Every structure is written in C-alpha cells, then in structure tokens.
1. Where in region 268-282 is the amide nitrogen less than 16 Å from a point lying 7 Å along the Cα-to-Cβ axis of residue 239?
2. So if R0 is 45 Å, what FRET efficiency would residue 90 and residue 137 give, r being the distance between their Cβ atoms, rounded to the nearest 0.05?
3. Can you give me the relative contact order of region 69-133 as a percent, contacts being Cα pairs under 8 Å and 6 or more apart?
4. Counting other C-beta atoms within 10 Å, which of 280, 64, 168 has the fewest, and how do the rest follow?
5. Set the Förster radius R0 to 30 Å, insert the Cβ-Cβ distance between residue 287 and residue 211 as r into 1/(1 + (r/R0)^6), and round the FRET efficiency to 0.05.
6. What residues from region 146-175 fall in the zone where the backbone N is under 17 Å from a label point 7 Å along the Cα-to-C-beta line of residue 276?
7. For a quick check: sort 222, 53 by the number of other beta carbons within 10 angstrom, fewest at the front.
8. When a/c is below 1.5 the answer is rounded, else prolate if a/b is larger than b/c, else oblate, so apply that to region 147-302 with a ≥ b ≥ c taken from the square roots of the Cα gyration tensor eigenvalues.
C-alpha cells in the first residue's frame, strides 16, 4: 500500500512533464505578462480595422483635377490663348533683343525655329477661341404654355378610366410628362394635363381624332408599330399636326397602343425621356391595349 502511494505521489520526470507547465514557469521567471506571448490584436480591434478598410473602399475616390477643371471652366478654356499669346510675345521679344534682322531668312536656323514657334502659338490661340465659343447648352424644364384640361371620352368603362388615370399619375410622377392624349378606335378617349389654349375663348383645344390620324406622325408610328421619340420637338416640322399640345412642348413620344390607337405624351424637357422611360411606356401601352379592347367607346367627350 505504501509502495503504491509513493509511486502515485512521486513527481514525474522532467521529460514527461507537460510543455505548458514549463512555459508558465519560464514566463513567471522572466516576469512577462500573459498577453505578451501573443502579438495579435484583440478581435474587437481587428473587426474595427476591417470595417474602416471597407468604408474607405466604398467611398468614391475624389477627383481633384476634375473638380478643379469644373470650378474653373472659363480659365481652362482660355488657357490655350494665354499659352499661345505668351509664346508669341516671347518669340517677338527674343527676335528684338537678339539683334536678328526682322526679315526672316530661310538659311538661318533661328528664323526657321521662330516661324515654327509662331505657327504653334497661333494654333494655340485659335484652339482657345474655339473652346470659348463652344459651350454646352444647359437644358432645363420649361413651364408649358396652356391650360389644364381633363377630358374623358364617352363610353369609357370605369375600369378603363381607372387604368387611364393610373397611367397619367404614373407618367407625371416618374417622367417629365405634362400632357397626355390617348386616341383609340378612332376616338379620343383621354386628354389630360396641359393643353393648348384656344385663342377664341381660352379653353383647351379639343383633339380632332380624325384629323390627327390623317397626319404623317400618326401614320408613320402606326405603320412601323414602334415607338417614335421626338427628343427635340421644335426641330420637327410635323409638330403642326399637334395643335392640341402646348406650343412650347419640348419632347414628344408617340406610342402605338396595339393596332387601334396611339398615345401622345408631351414632356417639358428636351431629351427628358430616358431609355428606361421609353421601355416602361411601351409596357404600359400593352396593358392599356388589353384594357381598352374590353371597353366600348363612342366618339365625343366631356370636360
């Protein structure tokens, strides 16, 4: 029994002792703290550094040169004039101070260099003048000249009317649309938004559906069965076929609605309808075609 107890309580040889015990002993002897053996940062600091790196990566890089050019547009455009004028003045001053004859001599290398420098200086000056004369035209929305109008064709069902009004609300909210005219089945089923004012009584000009359908704009759009986008309506002579729209309508979309109708959408900004707007309007036209084809319509309208 005593022999067993002595074997149990006897210390283990140094070669069989755990390695971590030796590490703790050496650490106590050297007086090092426990965390000194680990060089890595606490997890919280590492996460904070990673978040800061992600935030810096997500932030857009600041273009100092581009911002300076935009803020000093006139100076940058006139810079070639300054450089060309300074070069021209330097050549003339050098010619006068150096004592060379004013008449150029083809056999003189100095004269040939001066002629080349003068040509480059004049080119810089002309380039600066071109830069100053060409400036991007600012495009801004205009206030349509006309009167507010809301005419619904007789015989339009309640469901079709709700669909048409939803289309109008969506267009005015998401695009630059200010006027909407829907002609379907030979009749004007909706005229809403700003319309041209009549010179006689000042009321909104009514849409003559039959006359509009005989125009080239309507026929070309229906024959192609594709959307027609007039980004700058003032440049098209066919605008005279749209007397019911405000005279200063900037852009126009003619969107066929199936095989029986068309939607004329007027905007207040040149090139105001984006590619996404055009694709979205084409999808709305398909929806309107399915709705209006189920609704009976007759000619005429009411305010």
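Computed from the coordinates by the stated procedures, all read-outs in this text should not be read as laboratory data. On a predicted model such as this, the values are computed, not experimentally measured, just so you know. Please note: Cβ atoms are built from the backbone with ideal geometry, for glycine as well, and neighbour counts cover all protein chains shown.
1. Residues 268-273 qualify, since their backbone N sits under 16 Å from the label point.
2. Numbers: r = 37 Å, r/R0 = 0.82.
After rounding, the FRET efficiency stands at 0.75.
3. Numbers: 51 pairs, mean separation 35.2, N = 65.
Relative contact order comes out at 54 percent.
4. Working: 280 16, 64 8, 168 19.
In order of increasing Cβ crowding within 10 Å: 64, 280, 168.
5. On the way: r = 28 Å, r/R0 = 0.92.
Given R0 = 30 Å and the Cβ-Cβ separation, E is 0.60.
6. 170-175
7. 53, 222
8. Values: a/c = 1.32, a/b = 1.09, b/c = 1.21.
Cα axes put region 147-302 in the rounded bin.
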